[in-house]
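The values are calculated or read from the model by the stated rules, or taken from the named source; none is laboratory data. As the structure is a prediction and not an experimental result, all values here were calculated from the model. Cβ atoms come from the backbone with ideal geometry, glycine included; neighbour counts cover every protein chain shown.
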Amino acid sequence: MKTEALERYLNSFGKQVVNRAKGNLQKSKGGGTNLEKSLSFKVVTSAEGFSVQFYMDSYGTFVDKGVSGTEVKRSFKDYKGRTITSPYKYTTKQPPSRVLDKWIVKKGIAPRDEKGRFMSRKSISFLIARSIKRKGIQGISFFQKPLQIGMRDFYNQVGKAIKEDIENIITT
């Protein structure tokens, strides 16, 4: 059975979700991030039917859904528009300070202590990591929002694509 219209729609759906997610990341994180570059999709055909699979770097779910801290609960909006508490949380460990080092340099963060001296990057990265552990990371729903927009018309559009494929089979 030929399913050209359905496959074309599913590819269009995947492309729209990925492009909107990339746009959301550009707005919130600035362009050219590794997470943005890692976003992709694939339409998979199997005996059961079709599926659209989305891919991103593993830390993308933490950015999308957030991470609760030890003192603050974080939440995100899912693709159905519901506000949900993040399934991820810091408990005993905090982010490694060395990971924050490049970010501190890139952002030009150079605070001073109470005597006016510059603090070492090691101290700054430790303090930021400790703050992240306590407060968590707010989810930005960069992927959930585009998925929600795409799902609004999904069933209607899939129905049209299937109808078109059936009409093509009947006329052929």
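Here are the numbers for the structure shown:
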quantity	calculated
Inter-residue pairs, beta-carbon under 8 Å, first over 11 Å from Ala5 (Cβ atoms) and in the stretch 153-172, second hydrophobic (A, V, I, L, M, F, W, C) and not in a helix (DSSP H, G or I), 6+ apart	none
In the stretch 100-116, residue surrounded by the fewest Cβ atoms within 10 Å (Cβ to Cβ) [restricted to those that are within 24 Å of Lys27 (Cα to Cα) and in contact (Cβ under 8 Å) with a residue 12 or more places away in the chain]	Val105
Residue pairs meeting the criteria (Cβ under 9 Å; at least 6 apart or on separate chains; first farther than 18 Å from Val67 by Cβ, in the stretch 117-131; second among the acidic types (Asp, Glu) and exposed (fewer than 14 other Cβ atoms within 10 Å of the Cβ))	Met119/Asp113; Ser123/Asp113
Sole residue being modelled with pLDDT of 85 or more, in a loop (DSSP other than H, G, I, E, B) and out of contact with any Phe, Trp or Tyr (no Cβ under 6 Å at 6 or more places or on another chain), chosen from Val17, Val72, Val44, Val63	Val72
Single condition Gly69 does not satisfy, out of (1) loosely packed, with under 14 Cβ neighbours inside 10 Å; (2) farther than 16 Å from Ser141 by Cα	(1)
Residues of the stretch 139-152 satisfying the condition of being surrounded by fewer than 16 Cβ atoms within 10 Å (Cβ to Cβ) and either free of Cβ contacts under 8 Å to residues at least 12 places away in the same chain or not β-branched (Val, Ile, Thr) (or both)	Met151, Arg152
Tabulated pairs, the stretch 12-31, first touching a residue at least 24 places away in the same chain (Cβ under 8 Å), second basic (Lys, Arg) and assigned to a helix (DSSP H, G or I), C-beta under 7 angstrom, 6+ apart or interchain	Asn24/Lys145
Residue list for the stretch 13-50, filter: polar (S, T, N, Q) and over 19 Å from the mean Cα position of the chain (by Cα)	Thr45, Ser46
Some residue of the stretch 88-99 being surrounded by 11 or more Cβ atoms within 10 Å (Cβ to Cβ), more than 23 Å from Ser125 (Cα to Cα), at pLDDT 85 or above and out of contact with any Cys (no Cβ under 9 Å at 6 or more places or on another chain)	no
Among the candidates Lys106, Lys163, residue that is under 30 Å from the mean Cα position of the chain (by Cα) and part of a helix (DSSP H, G or I)	Lys106
